[in-house]
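Asker: Have a look at this one before I ask anything.
The values are calculated or read from the model by the stated rules, or taken from the named source; none is laboratory data. Computed from a predicted structure; not experimentally measured. Positions of Cβ are backbone-derived with ideal geometry, glycine not excepted, and every protein chain shown enters the neighbour counts.
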Amino acid sequence: MLSAQQASAIVLDLHKGFLRDGQPERFVIYYCELSSNGDYWVIRCNSEDCIVHGKTEYCYVGVNAHLVEVKTGRLETVVSSMSIEEYLQDKGDLEAAASKSYVLEPSFSKESKAEVINLRQKLASSYTDTFALLLGAGRHWLTGKRRHLEHAQRLLAIEGIASEIGLQSNPKDAITVGPETWHIDAVLRAIHKRQINLRESDR
């Protein structure tokens, strides 16, 4: 297992050769902690002028942190727009899925009368279109990163729409969703789009 000092040296080595005004830029480590699962050193660094001397005009931006795998020393960089937790979750989920895709599906069937009525009302659709979402490949509603699907699942549960997340080799025509589905209306619109696609494919 790499020590904090060894991991920090790897990150500092990455920044060798940086020049400012034709002179070598000096970088310093200002954060180095193990990730929550202990697999990576999470390291942040920036210019010495910024960190030590408080000259914020010399601060480098665009990077949240560098990750150094404790077993191999492999280096990865996380951009500033993503949290370390999200990055590691996505990475772990992707590895767990292997070559398959995460898919959000209903956890009830067309025989579940109360659930069918509720789904039809939430989507403001006909029974025929609602049943199409509960049969065969039509049950493959949404696909994307697991954490985005988990968020959509929680929003749907509040509306009384029970769902589950599984893995599919080929989630044919499932609607790909991302961070834009942060509210229930966006999630329902995505499912409605799936409904429209099913209707058009039957023509």
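Asker: Of all residues in region 151-170, count the ones that are β-branched (Val, Ile, Thr) and either modelled with pLDDT under 95 or more than 17 Å from Leu133 (Cα to Cα) (or both). Explain how you work it out, then say what you get.
Answerer: Applying the first criterion (β-branched (Val, Ile, Thr)) to region 151-170 yields 158, 161, 165.
Subset that is either modelled with pLDDT under 95 or more than 17 Å from Leu133 (Cα to Cα) (or both): 158.
Final tally of qualifying residues: 1.
Asker: Further, regarding this structure: Among the listed residues Glu33, Glu57, identify the single one that is assigned to a strand (DSSP E or B) and of a type in the set (Asp, Glu).
Answerer: On the way: Glu57 fails: assigned to a strand (DSSP E or B).
Exactly one residue qualifies, and that residue is Glu33.
Asker: Next question, about the same structure. What's the total number of residues in region 137-159 that are touching a strand residue (DSSP E or B) at 6+ places or on another chain (Cβ under 6 Å) and not in a helix (DSSP H, G or I)?
Answerer: The total comes to 5.
Asker: Checking His148 against (1) in contact (Cβ under 8 Å) with a residue 24 or more places away in the chain; (2) over 23 Å from Pro179 (Cβ atoms), only one condition comes out false. Which one?
Answerer: (2)
Asker: Follow-up question, since we're still on this one. Which of the residues that make up region 171-191 are closer than 12 Å to Trp141 by Cα and either modelled with pLDDT under 95 or not assigned by TED's automatic domain parsing to the domain that holds Lys145 (or both)?
Answerer: From region 171-191, those closer than 12 Å to Trp141 by Cα are 171-177, 187-191; that's our starting set.
If the condition is that a residue be closer than 12 Å to Trp141 by Cα and either modelled with pLDDT under 95 or not assigned by TED's automatic domain parsing to the domain that holds Lys145 (or both), then Pro171, Lys172, Asp173 are the ones that fit.
Asker: Among the numbered criteria (1) part of a helix (DSSP H, G or I); (2) surrounded by fewer than 17 Cβ atoms within 10 Å (Cβ to Cβ); (3) at pLDDT 95 or above, which single criterion is violated by Glu111?
Answerer: (1)
Asker: Using beta carbons and a limit of 8 Å, which pairs, at least six apart or on different chains, have the first residue in region 166-187 and under 25 Å from Ala124 (Cβ atoms) and the second one among the aromatic types (Phe, Trp, Tyr) and in a loop (DSSP other than H, G, I, E, B)?
Answerer: Filtered contacts from region 166-187: Ala174/Trp141; Ile175/Trp141.
Asker: From (1) modelled with pLDDT of 95 or more; (2) in contact with a Cys (Cβ under 8 Å, 6 or more places away or on another chain), pick out the condition that doesn't hold for Tyr58.
Answerer: All conditions are met except number (1).
Asker: Any idea how many residues of region 1-30 are part of a strand (DSSP E or B) and either buried (at least 18 other Cβ atoms within 10 Å of the Cβ) or modelled with pLDDT of 95 or more (or both)? Even if it seems obvious, please write down each step before you answer.
Answerer: Going residue by residue through region 1-30, those that are part of a strand (DSSP E or B) are 19-20, 23-24, 27-30.
Subset that is either buried (at least 18 other Cβ atoms within 10 Å of the Cβ) or modelled with pLDDT of 95 or more (or both): 27-30.
Of the residues in region 1-30, 4 are part of a strand (DSSP E or B) and either buried (at least 18 other Cβ atoms within 10 Å of the Cβ) or modelled with pLDDT of 95 or more (or both).
Asker: Starting from region 57-74, keep only residues that are free of Cβ contacts under 8 Å to residues at least 40 places away in the same chain and crowded, with 19+ Cβ neighbours inside 10 Å, then list their pairs with residues that are part of a strand (DSSP E or B) and among the aromatic types (Phe, Trp, Tyr) whose Cβ atoms are within a distance under 9 Å, requiring at least 6 positions of separation or different chains.
Answerer: Hits for this filter: Ala65/Tyr31; Leu67/Tyr40; Leu67/Trp41.
Asker: Go through region 121-136 and count every residue that is of a type in the set (Gly, Ala, Ser), part of a helix (DSSP H, G or I) and on the phi < 0 side of the Ramachandran plot. Lay out the reasoning, then the answer.
Answerer: Initial filter on region 121-136 (of a type in the set (Gly, Ala, Ser)): 124-126, 132, 136.
Now narrow it down to the ones that are part of a helix (DSSP H, G or I): 132, 136.
Narrowing further to those that are on the phi < 0 side of the Ramachandran plot: 132.
Residues that pass the stated criteria total 1.
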